[in-house]
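> I'd like to ask you about the structure that follows.
The values are calculated or read from the model by the stated rules, or taken from the named source; none is laboratory data. Computed from a prediction, not measured in an experiment: that's the story for all the values here. Cβ sites come from the backbone with ideal geometry, for glycine too, and all protein chains shown count toward neighbours. Please note that ligands, DNA and RNA were not included when accessible areas were found on the heavy atoms of the full protein model with its side chains. Shrake-Rupley method; radii C 1.70, N 1.55, O 1.52, S 1.80 Å.
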Amino acid sequence: MRELLLCPPDYYGIEYEINPWMNRARGAEAALAQKQWKQLHARLSNLDCEVHLISPQPGLPDMVFTANAGLTVGRKFIPSNFRHKERAGEQSFFAKWMEQRGYEVSWLPEYLYFEGEGDALFGGDALFCGYKFRSDIQSHRALADILGCLVISVELVDPRFYHLDTCFCPLPDGSAFWFPSAFDEYGQRAIRERVTGLIDVLPEEAMHFSCNAVVIERDIVLPEGAPQLVATLQDRGYRCYELPMSEFIKAGGACKCLTMFMPQRESAP
Ligand code: ARG
């Protein structure tokens, strides 16, 4: 059974602006955010998985986005080194929580920025890692050394799609859905070469964070607003659950950003 880590949105809010979606003047509505998060929690809890919760912390409004806690492979946890000081305080809470549960914590050198599963997703036999806006490309080499697996670095070029999980979603059969123009030419080529059966997401659907989906075998939990993508996924035999995520999209996140797999893979391919 898959295990997931979520963080309740008790202290969630738009208190600073570190990506183009965030606007302090247009804050998130707390009650609606609670409702949307509870729907996500309930939906995931009803799938074949166990949901763990970490205690939210005052002053760390983005801690809800647990995908950025780090990357878990087997019993190994690699904590993030956040690029923005606004989020740096989350690191010790996540590392301590994982350590207390028996995970072996492997630190990256502190001068290398890396934002966890938000920028690191296994697809087929490789670990795809996004860089530029948040993670440093040099962190990918360090990850490959720790994990001993093939790491494919892909550059992100559209500031609205600043983490890999906003524009790329691997599927269990080795295919994926993605928003190609979020990547540079080389990144697009690298993904096309290694991933078969790619599904291109339309710009207007990608804008609703449609690639930011939690995939658990044949079940896919994604933000509402992508009828064409959902139809394609259903044709391929997936069950889709579309959830309202408006209050989290205001911070630049949705279903997948709010979830970390523990682990994402049992072992590095
Ligand atoms: N406001 C958060 C940030 O800018 C959102 C993080 C979204 N997380 C993700 N995995 N895409 O850091």
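> Restricting attention to segment 16-56, and to residues there that are within 23 Å of residue 95 (Cβ to Cβ) and assigned to a loop (DSSP other than H, G, I, E, B), which single residue is farthest from the ligand (Cβ to nearest atom)?
55
> If I filter segment 5-60 down to residues being touching a Phe, Trp or Tyr at 6+ places or on another chain (Cβ under 6 Å) and open to solvent by less than 20 Å² (accessible area, probe 1.4 Å), which single residue comes out as nearest to residue 246 (Cα to Cα)?
33
> Here's another thing I want to ask about it. Kindly check whether there is at least one residue in segment 233-245 that is aromatic (Phe, Trp, Tyr), closer than 25 Å to residue 84 by Cβ and under 18 Å from the mean Cα position of the chain (by Cα).
no
> Follow-up question, since we're still on this one. Determine whether segment 114-129 contains at least one residue that is within 15 Å of the ligand (Cβ to nearest atom), open to solvent by less than 10 Å² (accessible area, probe 1.4 Å) and part of a loop (DSSP other than H, G, I, E, B).
Checked segment 114-129: at least one residue is within 15 Å of the ligand (Cβ to nearest atom), open to solvent by less than 10 Å² (accessible area, probe 1.4 Å) and part of a loop (DSSP other than H, G, I, E, B).
> Taking the stated definitions as given, is residue 256 closer than 26 Å to residue 34 by Cα and surrounded by fewer than 22 Cβ atoms within 10 Å (Cβ to Cβ)?
Criteria not met by residue 256.
> Applying the selection to segment 222-248, what residues are over 21 Å from residue 54 (Cα atoms) and among the aliphatic types (A, V, I, L, M)?
222, 226, 229, 230, 231, 233, 243
> Another question about this same structure. Does segment 96-112 include one or more residues that are under 17 Å from the mean Cα position of the chain (by Cα) and crowded, with 20+ Cβ neighbours inside 10 Å?
Checking segment 96-112: not a single residue is under 17 Å from the mean Cα position of the chain (by Cα) and crowded, with 20+ Cβ neighbours inside 10 Å.
> If you don't mind, another one. Looking only at strands (runs of 3 or more DSSP E) that lie completely in segment 177-269, which have at least 3 residues being farther than 22 Å from residue 44 by Cα and within 16 Å of the ligand (Cβ to nearest atom)?
Strands (runs of 3 or more DSSP E) meeting the threshold: none at all.
> Taking the residues in segment 57-78 that are assigned to a loop (DSSP other than H, G, I, E, B) and under 17 Å from the mean Cα position of the chain (by Cα) as candidates, determine which candidate is farthest from residue 107 (Cα to Cα).
65
> Here is a further query. Of (1) more than 17 Å from residue 10 (Cα to Cα); (2) open to solvent by 10 Å² or more (accessible area, probe 1.4 Å); (3) in contact (Cβ under 8 Å) with a residue 60 or more places away in the chain, residue 234 satisfies all except one. Which?
So the condition that residue 234 fails would be (3).
> Condition (residue is in a loop (DSSP other than H, G, I, E, B), open to solvent by 10 Å² or more (accessible area, probe 1.4 Å) and out of contact with any Leu (no Cβ under 7 Å at 6 or more places or on another chain)) applied to segment 161-169: is it met by at least one residue?
For segment 161-169, residues in a loop (DSSP other than H, G, I, E, B), open to solvent by 10 Å² or more (accessible area, probe 1.4 Å) and out of contact with any Leu (no Cβ under 7 Å at 6 or more places or on another chain): absent.
> Give me the pairs: first residue in segment 155-167 and without any contact (Cβ under 8 Å) to a residue 40 or more places away in the chain and hydrophobic (A, V, I, L, M, F, W, C), second residue within 11 Å of the ligand (Cβ to nearest atom) and not in a strand (DSSP E or B), beta-carbon distance under 6 Å, and six or more apart or on different chains, which are they?
Listed pairs, sorted by first residue: 156/133.
> Out of contact with any helix residue (DSSP H, G or I) (no Cβ under 6 Å at 6 or more places or on another chain), modelled with pLDDT under 95 and either within 16 Å of the ligand (Cβ to nearest atom) or open to solvent by 10 Å² or more (accessible area, probe 1.4 Å) (or both): is that true of residue 136 in this structure?
For residue 136, the condition - out of contact with any helix residue (DSSP H, G or I) (no Cβ under 6 Å at 6 or more places or on another chain), modelled with pLDDT under 95 and either within 16 Å of the ligand (Cβ to nearest atom) or open to solvent by 10 Å² or more (accessible area, probe 1.4 Å) (or both) - is not met.
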